[in-house]
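Before any comments, here is the structure.
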Amino acid sequence: EPEVTQTPSHQVTQMGQEVILRCVPISNHLYFYWYRQILGQKVEFLVSFYNNEISEKSEIFDDQFSVERPDGSNFTLKIRSTKLEDSAMYFCASRGGGNYNEQFFGPGTRLTVL
Amino acid sequence: AQSVTQLGSHVSVSEGALVLLRCNYSSSVPPYLFWYVQYPNQGLQLLLKYTTGATLVKGINGFEAEFKKSETSFHLTKPSAHMSDAAEYFCAVRDSSASKIIFGSGTRLSIRP
């Protein structure tokens, strides 16, 4: 069964460093998403991406964040200068076309900013 | 705007007892509703979803949920709890833009032996 994969599973970085979180969505999917979950809190939407551009972003997704689909298979989330409060689990999700299709979530990347 | 409220951040039931996790939603358009489960240190797994049609939706692991428009509810039930059901459960609604999913704050389900 096809699945969304994410690497790395755990990333530890120093405050101020850049990190790139990687996702491989399901191959025929068209819509891509990033969500995050701060420890003990609910899952929050960050950004959605369709047709090689951002279709929607939350207020969390400020200028420090960017997304890219560099090669038609990977979908990346970059944080330019990490802050302590960026520590969270980051989930990638993808969805096929059609109105009823569900989002499939990856296993997540746990980002720890020291 | 869409929103989801989960009543009870923690629910504890005995093994074999009925599981009832409550969810109420707010939506300006016909909602698409979901229940996701998250086991410790794992990702989100879809339990079930409601889009249109039959209001009683059956999911994996014996769970089901009923969409009640008059009550704006989508409660999750399972007739008989199993130890393996211990996890965090998230109710969610898909935004009217057909884009993001909006999650509730989650309910942690504990099962007593």
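Here's the yes/no breakdown for (1) within 12 Å of another protein chain (Cβ to nearest Cβ); (2) of a type outside the set (Val, Ile, Thr); (3) under 13 Å from B:Ser99 (Cβ atoms):
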position: A:Gln6; (1), (2), (3): yes, yes, no
position: A:Leu21; (1), (2), (3): no, yes, no
position: A:Ile26; (1), (2), (3): no, no, no
position: A:Arg36; (1), (2), (3): yes, yes, no
position: A:Leu46; (1), (2), (3): yes, yes, yes
position: A:Asn51; (1), (2), (3): no, yes, yes
position: A:Ile54; (1), (2), (3): yes, no, yes
position: A:Lys57; (1), (2), (3): yes, yes, yes
position: A:Ile60; (1), (2), (3): yes, no, no
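Among the charged types (D, E, K, R) and open to solvent by 50 Å² or more (accessible area, probe 1.4 Å), is that true of A:Glu18? Give the steps one after another, and end with the answer.
Details: among the charged types (D, E, K, R): yes; open to solvent by 50 Å² or more (accessible area, probe 1.4 Å): yes.
Against the criterion (among the charged types (D, E, K, R) and open to solvent by 50 Å² or more (accessible area, probe 1.4 Å)), A:Glu18 qualifies.
Looking across B:Cys91, B:Cys23, one residue alone is open to solvent by less than 30 Å² (accessible area, probe 1.4 Å), part of a strand (DSSP E or B) and within 19 Å of A:Ile38 (Cα to Cα). It is B:Cys91. Of all the residues in the range A:73-97, those that are out of contact with any strand residue (DSSP E or B) (no Cβ under 7 Å at 6 or more places or on another chain) and either open to solvent by 50 Å² or more (accessible area, probe 1.4 Å) or under 16 Å from A:Ile20 (Cα atoms) (or both) number 3.
Once the range B:47-88 is narrowed to residues that are within 15 Å of the chain's Cα centre (by Cα), loosely packed, with under 13 Cβ neighbours inside 10 Å and aliphatic (A, V, I, L, M), the residue that is farthest from B:Tyr32 (Cα to Cα) is B:Ile60. For the range A:99-114, the tally of residues that are open to solvent by 30 Å² or more (accessible area, probe 1.4 Å), assigned to a loop (DSSP other than H, G, I, E, B) and facing chain B (nearest Cβ under 10 Å) stands at 5. If you go through the range B:1-20 and keep only what is open to solvent by 50 Å² or more (accessible area, probe 1.4 Å) and more than 16 Å from the chain's Cα centre (by Cα), you end up with B:Ala1, B:Glu15. Each residue in the range A:25-46 was checked for being surrounded by fewer than 21 Cβ atoms within 10 Å (Cβ to Cβ), among the β-branched types (Val, Ile, Thr) and under 22 Å from A:Gln64 (Cα atoms), and 1 of them qualify. Residues that are part of a loop (DSSP other than H, G, I, E, B) and touching a residue at least 40 places away in the same chain (Cβ under 8 Å) were ranked within the range B:26-46; the one that is least open to solvent (accessible area, probe 1.4 Å) is B:Pro31.
Looking only at the range B:94-113, residues that are away from every other protein chain (no Cβ under 12 Å) and surrounded by 19 or more Cβ atoms within 10 Å (Cβ to Cβ) come to 2 in all.
The values are calculated or read from the model by the stated rules, or taken from the named source; none is laboratory data. No experiment lies behind these values; they were computed from the predicted model shown. Backbone-built Cβ (ideal geometry, glycine too); neighbour counts: all protein chains shown. When the accessible area is computed, the model is the full protein with side chains, heavy atoms only, and any ligands, DNA or RNA have been set aside. Shrake-Rupley method; radii C 1.70, N 1.55, O 1.52, S 1.80 Å.
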